[in-house]
Amino acid sequence: MDKSQLQRQYEQFKAQGLKLDMSRGKPDAEVVSLSEHMLNPPDFQTKSGGVDCRNYGILDGLPEAKELFAPMLGVSPNEMILGNNSSLAMMYDAIVRCMIYGVDEKSEPWSKGKIKFLCPVPGYDRHFAICENLGIEMINIPTNQNGPDMDMVEDLAAKDESVKGIWCVPIYSNPTGITYSDKAVQRLARLQTKAKDFRIFWDCAYTVHHLTDTPDVLLNILDECKKAENPEKVYLFASTSKITFPGSGVAIMAASEKNVVFIKKQLGVRTIGSDKLNQLRHVRFLKDWNGLQKHMRRIQTILKPKFDAVTQILERELTPFGLGEWHNPKGGYFISFDGNPGTAKKTVQLCKGAGVVLTSAGATFPYGNDPDDKNIRIAPTLPPIDELVQAMDVFCVSVMLANV
Ligand code: PLP
């Protein structure tokens, strides 16, 4: 790596006046247009199973929509609550409910004492933002190919009553793309916690978002919790944000029937019900589990070449210099890049200087603080492929410059 040559290459990129955004995991126009038909299906009827979806009613969501989405989380319809357009909002509400009312009739509100959450890292910045915003202390838990460091999780949960929860993106994790092993899921389901009101926040945002024909398989945590005689321990979440329209999809929460009954009591005060017309549009468009999977295969065809382009360029440009580590994900929305310690901020700054916007370095850690300053989340889904290739060329030169 010759510094002056790299600097010349970098200046050439800069002179092109690029404006490329790879900062967030957003689908491109081609992906969202696959669902356009949903907005005005020719046979759209507003009645479903005797329910007039144009009117108030049904707090926990349209039965047909529950049937459609139940296999995504491997739960039964009476273990589900359908929400509006954002699963993140459902997670936020779930935590606020625990803080105000406790997890069930008998328990104290979390807010009576100190609250700590275990945060597998690198992780999803918006999970961490919820905790920071609500004054919940976050503890970093390193992750490996199999999931979080379970020895550490077990140790911390067993000895500290203020540890009330853990964030998990268990399949095609944001940003590492890994899927938790069966063993990790089982250990989480059997977790002995000092806090009797501990909850696992199981965010399956990418559960059907496969990039290969040999998808990862995630063990069903609600079943495992039932086997461990603690079905109340987990709250599951998903949405159609990366299936149909981000920001205008259907959000899903699932939990044991007992949890669902308790949650519905508070929820019924907050709302008369969620947007059934949107749920119905999804049912009419996706039809059933097979239809949903068929739709996801169309998305896979658009996204796979983008992920391939990123990993091929990383390999071509950086592997010869032994720079960086990354995971070739089998699904999800991100590629997690680990550079040498102390280079992530510099790399992101150099990219920005040449017109390529990435997620801020540190964002994948609680409080925006990556202790090693090495992790960068690459989001390849939004830019068209020619722009993505340009952006990755800039990225690789920036990585090299940050290292010399
Ligand atoms: N959870 C994870 C892990 C995500 O990556 C995202 C979006 O990127 C969300 C949740 C947001 O989901 P929603 O649009 O349903 O709020």
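Quick rundown of the values:
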{"item": "Qualifying positions in segment 73-117 - touching a Ser or Thr at 6+ places or on another chain (Cβ under 6 Å), assigned to a helix (DSSP H, G or I) and crowded, with 21+ Cβ neighbours inside 10 Å", "result": "S87"}
{"item": "Within segment 228-265, tally of residues that are open to solvent by 30 Å² or more (accessible area, probe 1.4 Å), away from the ligand (no atom under 16 Å from the Cβ) and over 13 Å from E79 (Cα atoms)", "result": "4"}
{"item": "F337 outside the structural domain of F201 (by TED's automatic domain parsing), assigned to a helix (DSSP H, G or I) and closer than 17 Å to V389 by Cα", "result": "no"}
{"item": "Answer from T214, T193 - the residue that is of a type in the set (S, T, Y), modelled with pLDDT of 95 or more and farther than 20 Å from L303 by Cβ", "result": "T193"}
{"item": "Complete set of residues in segment 313-327 that are more than 15 Å from M392 (Cβ to Cβ), open to solvent by 80 Å² or more (accessible area, probe 1.4 Å) and either touching a residue at least 24 places away in the same chain (Cβ under 8 Å) or in a helix (DSSP H, G or I) (or both)", "result": "P320, F321"}
{"item": "Some residue of segment 340-351 being out of contact with any helix residue (DSSP H, G or I) (no Cβ under 7 Å at 6 or more places or on another chain) and crowded, with 22+ Cβ neighbours inside 10 Å", "result": "yes"}
{"item": "Subset of segment 377-404 that is within 11 Å of K306 (Cα to Cα) and over 24 Å from the mean Cα position of the chain (by Cα) - its residue that is surrounded by the fewest Cβ atoms within 10 Å (Cβ to Cβ)", "result": "D386"}
{"item": "Residue tally, condition open to solvent by 40 Å² or more (accessible area, probe 1.4 Å), assigned to a helix (DSSP H, G or I) and within 13 Å of L280 (Cα to Cα), over segment 54-72", "result": "3"}
{"item": "Members of segment 74-94 that are polar (S, T, N, Q) and more than 11 Å from the ligand (Cβ to nearest atom)", "result": "S76, N78"}
{"item": "Given (1) of a type in the set (K, R); (2) farther than 27 Å from Y235 by Cβ; (3) crowded, with 17+ Cβ neighbours inside 10 Å, number of the condition K330 does not satisfy", "result": "(2)"}
{"item": "Evaluation of G332 against (1) more than 30 Å from E132 (Cα to Cα); (2) of a type in the set (G, A, S); (3) within 16 Å of the ligand (Cβ to nearest atom) (one fails), failing number", "result": "(1)"}
{"item": "Candidates G177, G165 - the one that is within 16 Å of the ligand (Cβ to nearest atom), small (G, A, S), open to solvent by less than 30 Å² (accessible area, probe 1.4 Å) and in a strand (DSSP E or B)", "result": "G165"}
{"item": "For A65: the one exception among (1) more than 14 Å from the ligand (Cβ to nearest atom); (2) more than 16 Å from D288 (Cβ to Cβ)", "result": "(2)"}
{"item": "K294 vs. criteria more than 28 Å from A129 (Cβ to Cβ), among the basic types (K, R) and either outside the structural domain of C396 (by TED's automatic domain parsing) or crowded, with 23+ Cβ neighbours inside 10 Å (or both)", "result": "yes"}
{"item": "Per-region count, segment 125-165, residues farther than 27 Å from I378 by Cβ and either in contact (Cβ under 8 Å) with a residue 60 or more places away in the chain or not assigned by TED's automatic domain parsing to the domain that holds S111 (or both)", "result": "2"}
{"item": "Any pair with Cβ under 9 angstrom, 6 or more apart, that starts in segment 254-266 at a residue that is over 15 Å from I100 (Cα atoms) and ends at one that is among the charged types (D, E, K, R) and open to solvent by 30 Å² or more (accessible area, probe 1.4 Å)", "result": "A255/E232; S256/K226; S256/E232; K258/D104; K258/E232; N259/D104; N259/E232"}
{"item": "Residue among M22, M1, M38 that alone is open to solvent by less than 70 Å² (accessible area, probe 1.4 Å), within 30 Å of V399 (Cβ to Cβ) and modelled with pLDDT under 95", "result": "M22"}
{"item": "Unmet criterion (only one of (1) in contact with a helix residue (DSSP H, G or I) (Cβ under 6 Å, 6 or more places away or on another chain); (2) not in a helix (DSSP H, G or I)) for G17", "result": "(1)"}
{"item": "R281, sole failed condition from (1) modelled with pLDDT under 95; (2) not assigned by TED's automatic domain parsing to the domain that holds G165", "result": "(2)"}
{"item": "Complete set of residues in segment 130-143 that are under 28 Å from V261 (Cα atoms) and part of a helix (DSSP H, G or I)", "result": "I130, C131, N133"}
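The values are calculated or read from the model by the stated rules, or taken from the named source; none is laboratory data. Note that this is a predicted model, so its numbers are computed, not measured. Cβ sites come from the backbone with ideal geometry, for glycine too, and all protein chains shown count toward neighbours. The accessibility values were calculated without ligands, DNA or RNA, using every heavy atom of the protein model including side chains. Shrake-Rupley method; radii C 1.70, N 1.55, O 1.52, S 1.80 Å.
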